[in-house]
Amino acid sequence: FHNSVNLITKSQNNQTNLMKSLKYNNLRIDWNKSGEDIKRICFAMKPKTGGRTLLNGKEICIWDLELINNKDNEKIGKVLGKDKYGNPIIKTIDGALIITKLLYNYKIYSGKFLYDNKYIKKDNYFA
């Protein structure tokens, strides 16, 4: 099993770019990236971790997500609320994403796990 993965992205002018290898043990989500880039990073890291980020000092691994339109002028990484299933909605640079699944303590949970276990509330920020 390899300790890194190459990530292919599309640029604004539809050219294919190969990013440098991502290391599983130090990958963190950069919330200043587009929702599509965050989604690619999270999927590239599966099945080992998903995309890694911090919430209130705790590491969260995003396993699956949905991208949604959001034109609010909120700060990037802010928890905007919940979807109809209780999954958290997070502001991205170009919209928002819904965390539908996460990896926590080697188990996969729905995104609502964060609300159900009081790890998250509206107006928190992911780093």
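Residue count for region 35-72, restricted to those that are in contact with an Asp or Glu (Cβ under 9 Å, 6 or more places away or on another chain) and open to solvent by less than 10 Å² (accessible area, probe 1.4 Å): 5.
Please verify whether region 73-81 includes one or more residues that are on the phi > 0 side of the Ramachandran plot, surrounded by 19 or more Cβ atoms within 10 Å (Cβ to Cβ) and part of a loop (DSSP other than H, G, I, E, B). Checking region 73-81: at least one residue is on the phi > 0 side of the Ramachandran plot, surrounded by 19 or more Cβ atoms within 10 Å (Cβ to Cβ) and part of a loop (DSSP other than H, G, I, E, B).
Any idea which of I120, I90 is part of a loop (DSSP other than H, G, I, E, B), surrounded by 15 or more Cβ atoms within 10 Å (Cβ to Cβ) and among the β-branched types (V, I, T)?
Step by step, each of I120, I90 is checked, and only I120 is part of a loop (DSSP other than H, G, I, E, B), surrounded by 15 or more Cβ atoms within 10 Å (Cβ to Cβ) and among the β-branched types (V, I, T).
Contact map, region 44-60: residues that are under 20 Å from T92 (Cα atoms) and modelled with pLDDT under 85 paired with residues that are small (G, A, S) and in a strand (DSSP E or B), Cβ distance under 9 Å, separation 6+ or inter-chain. Pairs shown: A44/G51; M45/G51.
Looking only at region 94-110, decide whether some residue is buried (at least 16 other Cβ atoms within 10 Å of the Cβ), under 12 Å from the mean Cα position of the chain (by Cα) and farther than 14 Å from G51 by Cα. Yes: one or more hits.
The values are calculated or read from the model by the stated rules, or taken from the named source; none is laboratory data. On a predicted model such as this, the values are computed, not experimentally measured, just so you know. Because the Cβ atoms are built from the backbone with ideal geometry, glycine has one as well, and the counts that use them run over all protein chains shown. Protein only, heavy atoms only, side chains kept; ligands, DNA and RNA dropped before computing areas. Shrake-Rupley method; radii C 1.70, N 1.55, O 1.52, S 1.80 Å.
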